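This report refers to the structure that appears directly beneath it.
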Amino acid sequence: GLVTGASGNISVRAGDRVVVSPGGMMLDRMEPEDCPVLDLDGNVVDGERAPSSETPMHLAVYATSDATAIVHTHSTYGAVVATTMTELPPVHYNTLALGGVVKVAEYATYGTDELAANVREALKGGRWGPMYAALMANHGGVALGRDLEHAYENARMLEWLCSVYVQARMIGEPRVLTEDELRRVVERGLVPPGYRVTG
């Protein structure tokens with residue numbers, strides 16, 4: 001439920017190499033050999049298929065974080081929030097598992113250096129710790145992790161939080177947690193250890 005068709009992409013970094021999903025391919029039909037291997041400048045060093053159009057965004061995030069995996073989705077609720085908001089309000093304390101209030105990166109055409117820079121800006125250190133996720137205006141979401149499983153779980157958490165917010169709005173105005181309420185959750189140790197987002 002996080003992607004439709006060939007939308008969305010994933011990558012994993014190992015040292016100075018990045019494996020990324022190929023462009024235009026259904027993710028559920030992808031085999032390991034379909035994924036090109038790139039250097040940190042985006043040059044294909046192994047593989048026959050062209051890398052995802054969002055490769056510049058993946059590489060930009062790796063350049064300024066300790067993340068080793070990224071999951072980019074076009075999930076329904078994430079896209080709804082990204083189309084209407086500038087940030088995802090903290091309506092549940094699990095917001096802190098993603099580093100705090102999730103920002104919506106300013107809109108830019110997909111696959112461009114401008115979008116990559118906007119996403120990097122949205123991922124800059126959160127109030128309560130390193131940011132593990134951001135939304136992309138009129139587009140979708142991106143989640144980072146210590147490994148691919150962690151990035152995937154963060155993508156699922158981002159979509160769940162967006163769905164809670166959107167569905168709460170159908171009933172009324174959601175109650176947003178205060179900074180003091182979030183701080184008390186942090187003191188209980190919810191925020192997991194992770195990488196540090198810089199610059």
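Points worth noting:
- Helix 148-171 and the longest principal axis of the C-alpha atoms of the chain enclose an angle of approximately 40°.
- Dipole of region 78-199, positive direction: furthest Cα of THR86, GLY111, ASN154, with charges on the beta-carbon: ASN154
- Of the residues TRP160, TRP128, the one with the largest accessible area comes first in the ranking TRP160, TRP128, computed with a 1.4 Å probe on protein heavy atoms.
- Beta bridges per DSSP, both residues in the chain: antiparallel share near 95 percent.
- With respect to the chain, whose longest principal axis is taken over its alpha-carbon atoms, helix 113-122 is tilted by about 30°.
- Per-atom-type breakdown for region 1-63 gives carbon and sulfur 49% of the accessible area (1.4 Å probe, protein chains only).
- Cα shape, region 57-199, gyration tensor, a/c 1.5 rule: oblate
- Here the relative contact order of the chain, from alpha carbon pairs under 8 Å that lie six or more residues apart, stands at 23 percent.
The values are calculated or read from the model by the stated rules, or taken from the named source; none is laboratory data. Source: prediction; values computed, not measured. Cβ atoms come from the backbone with ideal geometry, glycine included; neighbour counts cover every protein chain shown. Quick note on the areas: whole protein, heavy atoms, side chains included, nothing else; ligands and nucleic acids left out. Shrake-Rupley method; radii C 1.70, N 1.55, O 1.52, S 1.80 Å.
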